[in-house]
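The values are calculated or read from the model by the stated rules, or taken from the named source; none is laboratory data. Here the structure is a predicted model, which is why all the values come from computation and not from measurement. When we count neighbours, we look across all protein chains shown, and the Cβ atoms used for this are built from the backbone with ideal geometry, even at glycine.
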Amino acid sequence: MQTSLTRRHFLRSSTALIALPVLESLGFRRFAAAAASAPPPKRLVFLGFGWGITTESWFPDIKKPGADYALPAGLSPLARHKADFSVVQGLCNKYSNEGHWGSTMWLTGANRFAEPGQNFHNSISADQVAAAKLGLETRFASLQLNGGESAEASGHGPGLSMAWDISGKPVGGLKGPVEAFHRLFSKDSTPIEQQKAMLAQKRSVLDTVLGNARAMQKGLGTADSAKLDEYFQGIRDIETRLSKDEQWIGVPQPNAPLPQPAEGLAGREEIKVMYDIMLAAMQTDSTRVLTYRQPVSTLLTSLGIKVAPHDMSHYHSTLGEKLDASERRDLAQSELLAGFIDKLKATWEADGSRLFDNVALAYGSNIRTEHNLDNCPTLLTGGGAGIRLGQSIVAPKDTPLCNVWLTLLNGIGVNAERHGDSTGVLKQIVA
């Protein structure tokens, strides 16, 4: 039996002990005690959706903030968790100006016109700021998950996921539960020496390309120099990923704590299974930072709703079936979120705390409804960032949504001074 285990292995062993207590008979009791002495890691989760919500039935009464607020109908499936989440009103990204982009700028707060002569610019997203620190000890610095439909169908706008790197470039995501499952748990049968050779070959190619790029750097104009700087940042990102791959050569991927998902899941079932995969990713400490760009169009279809998502978001124009579709969508999303919180609370860490106690989770959208970008729907839960829970909170006028992201980052131990268009932490949400 291996006796020199890292802290990461301790944590992984402790997860196995919780699932299979009989392993103590094999001599793991001493390792479990060592794992229990280490505090559980913090995790950060962002769940985003497009097309907004039903304003009249999703937000609590703005005139009655505090703990004794009446839970609105759109959040009623979350009633059993009312003491463990807070709804924050009055937030927005001040530079947002595109009513069909539910997540493009949601986690960045960037000004798309910040670069002269360009009609699109973005900056780093809050999850990637967290990943730079929380991702150092895990196989995946972060995981970006997408619904199994196009971003346009789900009202999300440009981007490969909800994540954007330090240069404001889109970070790719995994599409659907099956792809996410295989990324996390499928075993790599390639011999270790061959894996090392493949990585060395990739590094050699990178070195050659980088050398050629530097040779042509002299004499370039301002615009071309800026483009080349972006290119160099991309090379640095690839080098970082290669270093991460080298770190994990020879370390087997964990056994999956759930069966492989069925092919073709969509809508409600897809979201439910994707939540289970996110839970498994945290249980196995495969990553501590996750984003999920959720589907909406297939969710409506799975609920038997024939209204198109864009039409649904314009329910004010005719009410009727559009309003009914919007309200049913809210209920389904709230039911799914309530089930995810159930499982976070039912999953125990090595020190006896719940996974819920060590997660900071944000749920919402950059869009309120129709093309309205004010009062972004924002729900916060989990004990990982020291947020006040069980509250209806009304933020001061013109509060940037990025103030919440900055508060979450600081709460999980990422010491950022600002993020996006933030003006400081939002004291009203700090416990």
> Checking residue 145 against (1) aliphatic (A, V, I, L, M); (2) more than 21 Å from residue 402 (Cα to Cα); (3) surrounded by fewer than 22 Cβ atoms within 10 Å (Cβ to Cβ), which test does it fail?
Replying inline: (3)
> From the list 312, 278, which one is under 30 Å from residue 131 (Cβ atoms) and of a type outside the set (Gly, Ala, Ser)?
Replying inline: 278
>> If I filter the range 237-272 down to residues being β-branched (Val, Ile, Thr) and assigned to a loop (DSSP other than H, G, I, E, B), which single residue comes out as modelled with the highest pLDDT?
In response: 251
> For the range 170-189, does any single residue satisfy the condition of being in a helix (DSSP H, G or I) and at pLDDT below 80?
Replying inline: no
>> Tell me whether the range 381-399 contains one or more residues that are in the same structural domain as residue 281 (by TED's automatic domain parsing), assigned to a helix (DSSP H, G or I) and within 21 Å of residue 105 (Cα to Cα).
In response: no
> What pairs can you find where one residue is in the range 259-276 and surrounded by 19 or more Cβ atoms within 10 Å (Cβ to Cβ), the other is hydroxyl-bearing (Ser, Thr, Tyr), and their Cβ atoms are less than 7 Å apart, with a gap of 6+ or different chains?
Replying inline: 267/298; 267/301; 267/302; 268/302; 270/298; 274/292
> Would you pick out the residues in the range 143-171 that are more than 19 Å from residue 271 (Cα to Cα) and either of a type in the set (Gly, Ala, Ser) or not assigned by TED's automatic domain parsing to the domain that holds residue 98 (or both)?
Replying inline: 157, 159, 167, 168
> Among the residues of the range 300-320, is there at least one that is in a loop (DSSP other than H, G, I, E, B), at pLDDT 95 or above and crowded, with 24+ Cβ neighbours inside 10 Å?
Replying inline: no
> Would you say residue 366 is over 17 Å from residue 44 (Cα atoms), surrounded by 16 or more Cβ atoms within 10 Å (Cβ to Cβ) and within 16 Å of the chain's Cα centre (by Cα)?
Replying inline: yes
> How many residues are modelled with pLDDT of 85 or more and either surrounded by fewer than 19 Cβ atoms within 10 Å (Cβ to Cβ) or acidic (Asp, Glu) (or both) when one looks only at the range 26-49?
Replying inline: 1
> When the residues of the range 359-379 are filtered to those that are part of a strand (DSSP E or B) and touching a helix residue (DSSP H, G or I) at 6+ places or on another chain (Cβ under 7 Å), which remaining residue is farthest from residue 338 (Cα to Cα)?
Replying inline: 369
> Within the range 273-299, how many residues turn out to be among the aliphatic types (A, V, I, L, M), closer than 24 Å to residue 106 by Cβ and in a helix (DSSP H, G or I)?
Replying inline: 8
> Does residue 336 satisfy the condition of being touching a strand residue (DSSP E or B) at 6+ places or on another chain (Cβ under 6 Å) and within 20 Å of residue 151 (Cβ to Cβ)?
Replying inline: no
